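Down below is the structure, laid out as structure tokens.
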Amino acid sequence: MEQKNKRFKKRDAILDCVRETKVHPSADWVYARLKPDISDLSLGTVYRNLALFKEQGLITSLGTVKGVERFDGNTDPHVHFICCDCGAVDDLMEIQLPTELTCAAAASCGGSIQSSQLIFTGKCRKCQN
Ligand SMILES: [Zn+2]
Ligand SMILES: [Zn+2]
């Protein structure tokens, strides 16, 4: 029983950690953040749980940025900007995803669309200066 509770506590801590930040964290980031509080946490546990959350649709993956997979706790459709220099990931909340694009994609593939991602890449303001 004790073991089980501990496992769930870890799971919740990992999920909360991804949901509470806007940095679109990697597994390493989550691990570094939680490790001081959960001393027996392993990086493997973080990886396993993130993969599971992704599968369950609780979080989304942005794919790899500079070779590292990044996650988003905000599963509402929104547009992203990724800086190629520093790897910063930002939400571009004021941009609406064009619904006509989704309709066009559905028409083009002949099936139905489940999700879509629109990601702009470039240099962030900090790296630009
Ligand atoms: Zn940058
Ligand atoms: Zn996001």
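Points to keep in mind about this one:
- Restricting region 74-92 to residues that are of a type in the set (A, V, I, L, M, F, W, C) and in contact with a Lys or Arg (Cβ under 8 Å, 6 or more places away or on another chain), the residue that is farthest from ligand 1 (Cβ to nearest atom): Val89
- In region 55-112, of all residues being among the hydroxyl-bearing types (Ser, Thr, Tyr) and under 24 Å from Ala13 (Cα atoms), the one that is farthest from the chain's Cα centre (by Cα) corresponds to Thr64.
- Looking only at residues in region 100-129 that are of a type outside the set (Lys, Arg), within 16 Å of ligand 1 (Cβ to nearest atom) and out of contact with any strand residue (DSSP E or B) (no Cβ under 8 Å at 6 or more places or on another chain), the one that is nearest to Gly57 (Cα to Cα) is Gln128.
- Residue in region 106-120 that is in a strand (DSSP E or B) and touching a residue at least 12 places away in the same chain (Cβ under 8 Å) present: yes
- Residue within region 25-47 that is within 16 Å of ligand 2 (Cβ to nearest atom), within 13 Å of the chain's Cα centre (by Cα), closer than 25 Å to Leu97 by Cβ and aliphatic (A, V, I, L, M) present: no
No value in this document is a laboratory result; all are computed from the given coordinates. Just so it is clear, the structure is predicted and the values come from calculations on it, not from any experiment. Glycine also receives a Cβ, built like all others from the backbone with ideal geometry; neighbour counts cover every protein chain displayed.
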